[in-house]
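Comments concern the structure below.
Just so you know, all these numbers are worked out from the coordinates, no wet-lab data involved. From a predicted model like this one, the values you see are computed outputs, not experimental measurements. Using ideal geometry, Cβ is built from the backbone for each residue, glycine included, and neighbour counts are taken over all protein chains shown.
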Amino acid sequence: QLQASGGGLVQAGGSLRLSCAASGRLLSIFDMGWFRQAPGKEREFVAGIIWSGDITDYADSVKGRCTISRDNAKNTVNLRMNSLKPEDTAVYYCAALRRYNWRNVKEQKFYDYWGQGTQVTVSS
């Protein structure tokens, strides 16, 4: 089970740190991703991190503003978001992809487990 937290209401230019905690499974055997879904839009890839933490990838829309990290000892994955914009408003989901599938990290259909989502609202 994945539990996402850390969302909230923030002004444009502000920062948030989202966390994803796993229970019952070791995150170290999964590549991890963050996705988001804005009202009326498709869910989209935001960031991904390989199971070892050595490789990350970001959507162009957040590159330079977001940092994904993980602590396998604590079974958590985090997404630090800076310089938030109103267009970042969405429900953010963490998801787990069985490792050795890094080539599919941006494709939500390949993910095995999903968290329940946490709302991020950025006011202008």
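List of remarks:
- Using the Karplus relation 6.51 cos²θ - 1.76 cosθ + 1.60 with θ = phi - 60°, the per-residue 3J(HN,Hα) values for segment 101-108 come to 10, 4, 4, 9, 4, 8, 9, 5 Hz, with x marking Gly and Pro.
- For the chain, the orientation-averaged shadow of the C-alpha convex hull comes to 6.7 nm² (one quarter of the hull surface).
- Antiparallel DSSP beta bridges within the chain, percent to nearest 5: 90
- Contact order normalised by residue count of the chain, Cα under 8 Å, 6+ apart, percent: 37
- Any cysteine of the chain lacking a neighbouring Cys Cβ under 4.7 Å - listed by number: 66
- Charges were assigned to the Cβ only: +1 to each Lys and Arg, -1 to each Asp and Glu. The resulting dipole of segment 1-64 about its Cα centre is roughly 240 debye.
- Charge dipole (debye, nearest 20) of segment 1-107; +1 at Cβ of Lys and Arg, -1 at Cβ of Asp and Glu: 180
- Rg and Dmax of segment 54-124, Cα atoms only, in Å: 13.1, 40
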